[in-house]
Amino acid sequence: MKKYLLPVVAIGLLASCSKDQPTTTAPADRIPIVPNAGINVTSRAITGPIIGDEFPANNADVFHLSAFAGTAAPSTNWLINADGFENLAVRTDGIPGGETTPLFSLTTPKYYPAVKTQLLYFYAFGPAPATYDNGTASTAPVAKWTINGQQDIIYANETSGIGGADDPTDQDHPTFTFRHLLKKVTFTVKAGDNFDQSGIYVTSISVIGVKTKPQLTLGATALDWTADATTGNLSLTGLNAEILPEGTPVTGALMFQSGSTFLVRVVASSATYADVTVNLTDGGAGVSSNVTLTFYRTGIVPSATITNWTTGAAAEVNVQ
């Protein structure tokens with residue numbers, strides 16, 4: 001896994017990052033928090049602000065961060081005090097000379113606690129949630145999304161506890177290694193042995209009847225899909241993938257709930273094919289599968305191989 005430190009620097013560096021960077025006068029004896037993070041090196045995000053295993057420079061909202069102050073990571077009481085904060089956007093600025101990762105900062109500057117016995121416990125998630133329920137004295141915060149197949153939901157935490165140092169040069173730093181909470185599916189279309197039509201192009205591929213409203217309770221290890229059971233179809237549209245014996249990779253991918261089985265609907269040259277069932281040997285979160293849709297006179301037969309994020313096994317589907 002590729003890990004990145006959460007460095008702490010002087011507030012003057014914050015002001016030098018960008019002319020649009022929010023600036024404040026640092027409170028006396030307080031060290032500002034400047035997040036830095038990366039994606040698991042075996043993972044690849046295909047949409048939104050994340051590219052490969054790095055976050056890009058000059059982006060106003062790459063992930064969100066909550067921090068809770070105390071002497072232990074919160075378990076029941078998730079109320080924040082003056083040193084904590086919730087659901088703040090993290091931005092990136094330019095990449096310094098000789099470095100490969102951009103400078104990170106909170107859009108609203110925050111600081112390590114002045115009282116050295118108070119520690120901060122960090123929870124990072126992205127993309128920006130559609131809604132976020134703050135923590136209470138008895139419930140943990142909840143981030144909620146509505147997905148359309150193009151969001152890559154990621155999550156990391158640092159709960160060892162980080163306090164402010166007497167000297168900024170001695171400051172300990174949190175380490176974030178994000179992980180993917182959805183599975184990713186890409187597609188290849190190809191002609192089977194008895195598919196003798198030429199000039200047939202796939203124009204859309206949809207997964208049918210999947211849940212679209214996940215939520216993440218901070219401190220949990222997976223998304224919750226039970227609180228809102230809303231379902232919908234997630235689609236790749238505007239495609240122009242010709243059905244050929246050697247196979248044609250389809251542009252784009254869909255990311256959705258983990259699980260080994262789902263339905264696929266294909267439109268090719270204005271004809272809608274009967275829905276086919278895809279069975280994956282590993283449909284877990286963070287796993288990417290390439291599904292090959294093989295077209296025959298009588299329909300589609302799907303198959304799948306695991307690629308990119310976490311290497312896994314294969315599956316096949318025929319389109320009839």
- [ ] From Ala137, Ala143, grab the single residue that is farther than 30 Å from Thr248 by Cα, assigned to a strand (DSSP E or B) and at pLDDT 95 or above.
- [x] Ala143
Task: Lone unmet requirement of (1) within 25 Å of Lys213 (Cβ to Cβ); (2) without any contact (Cβ under 8 Å) to a residue 60 or more places away in the chain for Pro245 - done: (1)
TODO: Would you check if there is a residue in segment 199-207 being among the aromatic types (Phe, Trp, Tyr) and in contact (Cβ under 8 Å) with a residue 60 or more places away in the chain?
DONE: yes
- [ ] Sort out which residues of segment 133-146 are farther than 12 Å from Trp78 by Cβ and either of a type in the set (S, T, N, Q) or more than 16 Å from the chain's Cα centre (by Cα) (or both), and write them in order of number.
- [x] Thr146
TODO: Just need a number here: residues in segment 194-248 that are aliphatic (A, V, I, L, M) and either under 20 Å from Gly299 (Cβ atoms) or in a strand (DSSP E or B) (or both).
DONE: 13
- [ ] Quick one: Gly283 ticks every box in (1) farther than 16 Å from Leu181 by Cα; (2) touching a residue at least 12 places away in the same chain (Cβ under 8 Å) except a single one, so which number is it?
- [x] (1)
Task: Check on Thr281, surrounded by fewer than 22 Cβ atoms within 10 Å (Cβ to Cβ) and either assigned by TED's automatic domain parsing to the domain that holds Asn194 or under 19 Å from the mean Cα position of the chain (by Cα) (or both) - done: yes
Task: Residue among Phe63, Phe122 that is under 30 Å from Ile205 (Cβ atoms), in contact (Cβ under 8 Å) with a residue 12 or more places away in the chain and not aliphatic (A, V, I, L, M) - done: Phe63
Open item on the list: Going residue by residue through segment 83-106, is there one that turns out to be at pLDDT 90 or above, surrounded by fewer than 19 Cβ atoms within 10 Å (Cβ to Cβ), part of a loop (DSSP other than H, G, I, E, B) and not assigned by TED's automatic domain parsing to the domain that holds Thr221?
Closed with: no
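The values are calculated or read from the model by the stated rules, or taken from the named source; none is laboratory data. None of the values given here were measured: they were computed from a predicted structure. Heads up, the Cβs are rebuilt from the backbone with ideal geometry, glycines too, and the neighbour counts pull from every protein chain shown.
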